[in-house]
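What follows is a set of notes on a single structure, which appears directly below.
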Amino acid sequence: MSTSMKSKLCTDIGYVSINHVGEQLCGDHVEVASTEDGKSTVIVLADGLGSGVKASILSTLTAKIISTMIAAGMKLEDAVETIIATLPVCAVRRVAYSTFTVLHFVNNSRAEIIQYDNPRVILLRNGKNYEIPTVRTTIAGKEILRSEIDLEENDVFIAFSDGVEHAGVGGVFAFGWRREDIIDYVEQHFENKASAMEITSVLLDECERLYDGRPADDATVCTVRIRPSQPVNLLYGPPSNRNDCYKMMSQFFETEGIHIVCGGSTSSIASEHLEKPLRVGFEYVDPDIPPVAELEGVDLGTEGVITVNRVVELARQYLEDGKSDEEWCDKQDGASRIARMLCVDATEIHFFVGCAVNPAHQNPNLPINFNIKMNLVEELSECLKKMGKRIKVSYF
């Protein structure tokens, strides 16, 4: 690689939805996909007509089809033409069963945006609203807003469904939360170091407040912040073949970024490889999470299964509500620190997973999740992918 990974820009993505009051399913859907070479990211926010099951199915299909086609290399216009030609039209209202916004980030240097009947994307540049140049065009007989813009560090793109603009209708606001009011709100509450998920949560919390806690429509916010790349590497478990220890450790420590080591045996092998002493702590910051360890050359050393299991729980909560990190952002136990590094700080994560079987985890009386290390890694990877992180997993 000719340039340092830290010098590259990348997309930090965060999205959360609130459901129409009384509905179990959300009629909005956000899908994130990357091209095979990892150079481009596509994000689709689709809004199904109405609410409930039908809206959820249509928005999910719309978002998945568009993102999959673009990630596979299809031109943005061709993918949009395909979905517009496919989507049915409501016989009563004469509108499409799903509207959508497509954000396509190419080589992390340029954004292509296509919007079909969704509220227009807001761009904050240097914390202030920046009007994106937009052209009206027709695709498959439908009016589409098309934009293209070069990216700058700390650009913040905010896409949302019309449920956000409907907030406060007939209550706080006679005609809902107008675009100019939303822009004013995000400018006032903008913090330069806030993550995409934090920006999303601030905006959606206000939206829910304007609905007085009883949303009259599904509402979704998806934020993309352009930031410097921050790779994080996590080593978990010894290799299945003891002879592969050197190979595994060499690849792990030669990979640029933050280095986390999980597991007692794994930490011991890392200590031998680095020829540095391993100092295991005795202080239980959280009574349920084993203490962390110190090893020169490693940013964080922790216990294995118990800690990683908690990390998965924290990642799942963070993905659902976008603000649970408020509970663990200042905690210093191993699981909270890992969750913060992966969910908030990292833009790309490389898991180095050893496949050795730990005899201590084969006790049938232990909870089942203690016996499925691979499943923990898989679930954690999926959660992080949904946050827009680039994930790579290497098994040894």
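We did not get these values from a lab; they are worked out from the coordinates using the rules stated. Values in this document were obtained by computation on a predicted structure and should not be read as measured data. Glycine gets a Cβ as well: all are built from the backbone with ideal geometry, and neighbour counts include every protein chain shown.
Worth a mention:
- Under 10 Å, Cβ to Cβ, from L278 - net charge with Lys/Arg +1 and Asp/Glu -1: -1
- Between the helical axis of 76-86 and the longest alpha-carbon principal axis of the chain there is an angle of about 60 degrees.
- Calculated from backbone phi, Karplus (6.51, -1.76, 1.60) coupling profile of the stretch 52-67 in Hz, x at Gly/Pro: x, 4, 4, 4, 5, 5, 5, 5, 5, 4, 4, 5, 5, 5, 4, 5
- In terms of its Cα atoms, the stretch 127-262 spans 70, 38, 31 Å along the principal axes, sorted from long to short.
- Exceeding the 19 Å Cα-Cα cut-off - candidates K39/K75; K39/K386; K39/K193: K39/K193
- Of all DSSP beta bridges confined to the chain, the antiparallel ones make up roughly 75%.
- Normalised radius of gyration (Cα atoms, divided by 2.2 N^0.38 Å) for the stretch 31-111: 1.14.
- Neighbourhood net charge (12 Å Cβ-Cβ; Lys/Arg +1, Asp/Glu -1) for M69: -2
- Unit Cα scatterers, Debye sum, the stretch 1-150: log10 I(q)/I(0) for q = 0.09, 0.11, 0.14, 0.20 Å⁻¹: -0.30, -0.45, -0.72, -1.32
- For the chain, the longest principal axis of the alpha carbon atoms and the long axis of helix 245-254 meet at an angle near 50°.
- Formal net charge of residues neighbouring G22 (Cβ-Cβ distance under 14 Å; K, R +1; D, E -1): -2
- By the helix-only formula, in which each DSSP H run with n ≥ 4 contributes -39500 (n - 2.57) and the sum is divided by residues, the chain has a 222 nm mean residue ellipticity of -9000 deg cm²/dmol.
- Averaging the sequence gap over all C-alpha pairs within less than 8 Å and six or more residues apart, then dividing by the number of residues, gives the chain a relative contact order of 17 percent.
- Over the chain, the ratio between the Cα radius of gyration and 2.2 N^0.38 Å evaluates to 1.06.
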